[in-house]
Amino acid sequence: MTDGGDARRGDTPHRAPALTPEGIPDRLYGRRRGHPLRPRQDRLMQLALPRFRLTAAEASQAHALFPGTDDLWLEVGFGGGEHALALAAANPQVALIASEVFENGLCSLLTRIVPEGAEATVPPPPRLRLWPEDARHLVALLPDAALGRLYLMFPDPWPKARHAKRRFVNRAMLPVVARVLRPGAEWRIASDDPTYQAWVADQALFTPRLDTVQRPADWHPTRYEAKAIREGRTPRYWIFARSDAPWA
Ligand SMILES: C[S@@+](CC[C@H](N)C(=O)[O-])C[C@H]1O[C@@H](n2cnc3c(N)ncnc32)[C@H](O)[C@@H]1O
């Protein structure tokens with residue numbers, strides 16, 4: 001996991017990033033690897049993850065992928081996976097795609113659902129798939145109106161102004177996200193970072209098709225949220241509801 005906010009990776013902030021056709025930076029900002037993996041974690045990554053992962057071809061057919069479910073939700077940057085698994089457990093009628101790029105986070109989620117020794121044989125849960133790549137590119141692949149909810153819980157803040165393009169919430173991503181949310185769908189965002197909080201409020205002004213509504217009671221806590229509160233930061237929460245107006 002990264003705070004997404006310093007220059008320790010030898011950034012080249014003044015060089016314009018290569019962009020996808022949607023205007024999304026092609027390269028991932030942030031860490032994929034932390035501590036070296038232990039043998040069990042290595043087995044989870046090598047043997048279990050391929051059984052759980054969503055392919056790009058499946059992403060573009062996501063409507064058809066989860067027969068018998070009422071809705072499809074996406075969590076971006078699930079960290080340790082506690083929020084994603086709580087969501088899946090509390091909403092048995094919903095299918096969930098959970099995305100995380102940090103290996104130790106992927107292992108943390110897989111550890112909770114794959115019994116030791118069953119890494120090569122465990123059947124993937126029928127309503128859960130993992131996207132272990134940049135979630136911005138997944139969103140670009142999804143069909144129109146595919147999602148009923150998008151969760152972005154405590155995204156890397158990238159507080160420096162020159163890194164603003166790295167934030168998941170930005171002017172390039174807003175139309176991409178709006179396209180995949182069906183009318184009435186919710187985009188739930190939480191952040192404890194003052195710069196990101198001000199940024200979300202500001203971006204919302206440019207997003208007439210997304211309206212702020214009230215925070216609901218079914219908001220599961222995340223590990224990062226607990227840490228923020230412990231360390232004296234005040235999280236803010238938003239729910240944007242997709243209106244049925246076409247994206248201009
Ligand atoms: C600050 S952590 C928050 C984790 C978790 N949501 C929580 O609240 O505890 C942000 C997470 O987003 C992940 N992340 C950052 N950019 C991402 C991207 N483009 N696609 C998927 N995950 C990403 C990071 O690896 C990191 O684990």
Practice item. Using a Gaussian network model of the chain whose springs link C-alpha atoms within less than 10 Å, name the residue from 48, 135, 18 with the highest mean-square fluctuation. Key: 18
Check your understanding: Amide H of residue 100: which non-local residues (sequence gap of 5 or more, or other chain) have their own amide H closer than 5 Å, using H built in the peptide plane?
Key -> 77, 78, 131, 133
Review point. Using the 10 angstrom Cβ neighbour count as an exposure proxy, how do 237, 29 rank, fewest first?
Key: 237, 29
**Study point:** Extreme residue, positive dipole direction of segment 28-135, given options 57, 41, 97 (C-beta unit charges)
**Key:** 41
Check your understanding: Given springs between every Cα pair under 10 Å in a Gaussian network model of the chain, which of 155, 50, 39 has the largest fluctuation?
Key -> 39
**Study point:** DSSP beta bridge pairing in segment 27-241, given as percent antiparallel to the nearest 5
**Key:** 30 percent
Practice item. Evaluate the Kirkwood expression for the hydrodynamic radius of the chain, namely the inverse of the mean inverse distance over all pairs of different C-alpha atoms, and round to one decimal in Å. Key: 18.6 Å
Review point. Highest GNM mean-square fluctuation, the chain, Cα pairs closer than 10 Å: which of 124, 235, 67?
Key: 67
**Study point:** Other-chain or far-sequence residues with amide H under 5 Å of residue 151's (modelled H)
**Key:** 74, 75, 76, 188
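The numbers here are math on the coordinates, done by the rules we state, and not lab data. A quick note: this is a predicted structure, and the numbers were derived from the prediction, not measured. Glycine also receives a Cβ, built like all others from the backbone with ideal geometry; neighbour counts cover every protein chain displayed.
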